[in-house]
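To keep things clear, I will list the structure first and then write my remarks on it.
The values are calculated or read from the model by the stated rules, or taken from the named source; none is laboratory data. Because the structure is predicted, anything quoted here is derived from the model rather than measured. Quick note on the areas: whole protein, heavy atoms, side chains included, nothing else; ligands and nucleic acids left out. Shrake-Rupley method; radii C 1.70, N 1.55, O 1.52, S 1.80 Å.
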Amino acid sequence: MAQPKYLISACLCGICSRYDGGSFDYPALRQLAEAGLAIPFCPEQAGGLSTPRKPCEIAGDRVMAADGTDCTAQYRLGAEEALAVCRKYGLAAAILKEGSPSCGSHRIRDGSHTGRKIPGMGITAALLAKEGVVLYTEEALPPEVAENNR
Ligand code: SF4
């Protein structure tokens, strides 16, 4: 079995973990997971949220659904669990879905539930970056993965 190098957002590997029950199909990323080089992980599921679930946005120091449900605790738990997996398997890098309130590395929604995007990091991405995990996204893949994606 290959030594895993990356934590990867589960939804990027075709695993139906998104809030709407869907996933994304990036064959190169799915193959990375199937080869054992990346460990698929969904922080929102790991934090105890169901799939499908209410979409949430970061608003100040909280993570809220449009109906006022406060999901901050689940998002924080999911981030801690992601960090624990990185530590357990010695993963120094992660490939995370851009734009997500958990996994986004460069942009998130602005908390107004209107679709507006702003620069910012999701809860899991911010914690992993703070703890020294190198972050990549599906838009900016690790060079060795991008090479195989051509
Ligand atoms: Fe994908 Fe991350 Fe959202 Fe889970 S929390 S569905 S892994 S973007």
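Return the equivalent ellipsoid semi-axes of the chain as a descending list in whole Å, where each equals the square root of 5 times an eigenvalue of the C-alpha gyration tensor.
With the √(5λ) rule applied to the chain, the semi-axes are 25, 15, 14 Å.
Is any helix in the chain, taking whole DSSP H runs, at least 15 angstrom long along its axis by alpha carbon and on average at least -0.5 on the Kyte-Doolittle scale, and which ones?
What comes out of the filter, once short or polar helices are dropped, is 72-89.
Could you tell me the relative contact order of the chain? Use alpha-carbon pairs under 8 Å, at least six residues apart, and round to a whole percent.
22
Rolling a 1.4 Å sphere over the protein heavy atoms, what is the accessible area per residue of region 6-148, to the nearest Å²?
In whole numbers, region 6-148 has 47 Å² accessible per residue.
Using a 1.4 Å probe over the heavy atoms of the protein chains, calculate the carbon and sulfur portion of the accessible area of region 50-150 as a whole percent.
For region 50-150, the apolar C and S fraction of the accessible surface comes to 53 percent.
Using only helices, what value at 222 nm comes out for the chain when you add -39,500 (n - 2.57) per DSSP H run of length 4 or more and divide by the total residues, to the nearest 500 deg cm²/dmol?
About -8000 deg cm²/dmol.
Suppose we keep just the DSSP beta bridges with both residues in region 6-148; what percent of those would be antiparallel, to 5?
Within region 6-148, antiparallel bridges account for around 45 percent of the total.
Mean projection of the alpha-carbon convex hull of region 37-101 over all orientations, in nm²?
Its average projected convex-hull area is 4.9 nm².
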